[in-house]
Amino acid sequence: MFTGIVEAVGTLAAITPKGEDISVTVDCESLDMADVKLGDSIATNGVCLTVIEFNDHSYTADLSLETLNKTGFADYSVGDKVNLEKAMLPTTRFGGHIVSGHVDGVGEIVERNIVGRSIEFWVSMPQEISKYVAEKGSVTVDGISLTVNALRKNAFKLTIVPHTSAETTIDDFQVGRKVNLEVDVLARYMERLLTSREAAEPESRITMEFLQQNGFA
């Protein structure tokens, strides 16, 4: 579990094919690795990856074909910058929102505008996840917890303040860039709760025909 508050920016140092899968090595000198253990999770551009090797300044993780197909990693190259966040602890300050590190879809930067000291982005999203994105709600973009400021058909607007630009990769976002998107997990659970309740309700046998036959209509 993560919060979407980026702890450091790393660099892809190696991408190694392993059949249909790959492994990646991330240089992360600005990330505190003192408490990292084998098997720990590190969100890498919003993708929850399991550490299989590490040292004081880097870690390696495997990515399955499923992860490559569902995230932007298929388009990444050595030297690309990535947002990093270690899994949260019970004592972690909860500064963002609940993030699972399971990408729901890949979006694209379709507009970038400078507004005062901030940057405004419009980000397209797959139609199937648009119902989970709400104005003033939360969304995770490449591992960054952000607030949706406006909506239009299959796209949402972000307003990025200077601090967020300085502490993440978002200052490098240009029109055409693909980004990993994760919707607020609470929206998915709410949908599941409502649809499960509807499915559990027995179908009424009271019809207009029944009412007419029994003198009620």
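The values are calculated or read from the model by the stated rules, or taken from the named source; none is laboratory data. Since the structure is predicted, the reported quantities are computational estimates derived from the model, not experimental observations. Cβ placement follows ideal geometry from the backbone for every residue including glycine, while neighbour counts extend to all protein chains displayed.
Structure notes:
- Scope the stretch 60-90; condition in contact (Cβ under 8 Å) with a residue 12 or more places away in the chain, out of contact with any Asp or Glu (no Cβ under 7 Å at 6 or more places or on another chain) and not β-branched (Val, Ile, Thr); matching residues: ALA61, LEU68, LYS70, GLY72, PHE73, ASP75, TYR76, SER77, GLY79, ASP80, MET88
- PHE121 crowded, with 19+ Cβ neighbours inside 10 Å and outside the structural domain of ASP21 (by TED's automatic domain parsing): yes
- Meets criteria (free of Cβ contacts under 8 Å to residues at least 24 places away in the same chain, among the hydroxyl-bearing types (Ser, Thr, Tyr), within 20 Å of PHE2 (Cβ to Cβ) and crowded, with 17+ Cβ neighbours inside 10 Å) for THR164: yes
- Helices (runs of 4 or more DSSP H) enclosed by the stretch 131-217 - at least 3 residues per element that are at pLDDT 95 or above: 162-167
- Some residue of the stretch 92-110 being surrounded by 14 or more Cβ atoms within 10 Å (Cβ to Cβ) and free of Cβ contacts under 8 Å to residues at least 40 places away in the same chain: no
- Any hit, the stretch 86-109, residues being touching a strand residue (DSSP E or B) at 6+ places or on another chain (Cβ under 9 Å) and more than 27 Å from LEU31 (Cβ to Cβ): yes
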